[in-house]
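First the structure, in the form of structure tokens, and then the observations on it.
The values are calculated or read from the model by the stated rules, or taken from the named source; none is laboratory data. All of these numbers come straight from a predicted model, not from anything done at the bench. Note that each Cβ is placed from the backbone with ideal geometry, even for glycine, and that neighbours are counted across all protein chains shown. All accessible areas refer to the heavy atoms of the entire protein, side chains included, with ligands and DNA or RNA removed. Shrake-Rupley method; radii C 1.70, N 1.55, O 1.52, S 1.80 Å.
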Amino acid sequence: MSTLAIVIVLVITALLSVAVTGLIFYKVVVSYFDNQQKSQMLQMKIDEHKESLKVVTPIRLQAYERMALYLERISPNRSWNRIREAKEEMINLINGSAVKLPVDADPTSLAGAIFESCAKSKIPTDEALEFMKNEIQERFA
């Protein structure tokens, strides 16, 4: 083979090796930047999820708290019976005070009669409130 042919073969081989190396380098760089972009997108999604949890979690906890209170209120045992009884006794106390007054009595007279009735006997709500305080101390002490 002539020197020119050897040089041409060497040049072609060098060009091919440079082209292959360049192609491999290009693929590696593209793959690296794709992975970086995917990583950043994933991190953004994670950050977004964390931010939404900061907002949603307290709201969910409040909803659970309201449902727990609702369930406790409709429960037929514990302090709910006392509260309902206190409410009924207060209604009876108000109605009893109203019956003692003339039909055309003003609201301040009714208020005065209610306060007089409360002064003579124990206020129904006090007993229920005392029961609730004791129950809270038992549960959280």
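Residues THR125, THR108: which one is over 28 Å from LEU69 (Cα atoms), part of a helix (DSSP H, G or I) and at pLDDT 85 or above? The match here is THR108. For segment 100-131, residues that are surrounded by 15 or more Cβ atoms within 10 Å (Cβ to Cβ), within 13 Å of GLU85 (Cβ to Cβ) and not β-branched (Val, Ile, Thr) total 4.
Taking segment 77-99 as the search range and keeping residues that are open to solvent by 70 Å² or more (accessible area, probe 1.4 Å) and at pLDDT below 90, which one is nearest to ALA128 (Cα to Cα)? Looking at residues that are open to solvent by 70 Å² or more (accessible area, probe 1.4 Å) and at pLDDT below 90, I get ARG82.
Conditions tested, residue by residue: (1) of a type in the set (A, V, I, L, M); (2) surrounded by fewer than 10 Cβ atoms within 10 Å (Cβ to Cβ).
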residue: ILE8; (1), (2): yes, no
residue: LEU16; (1), (2): yes, no
residue: ASN35; (1), (2): no, no
residue: GLN43; (1), (2): no, no
residue: LYS50; (1), (2): no, yes
residue: PRO58; (1), (2): no, no
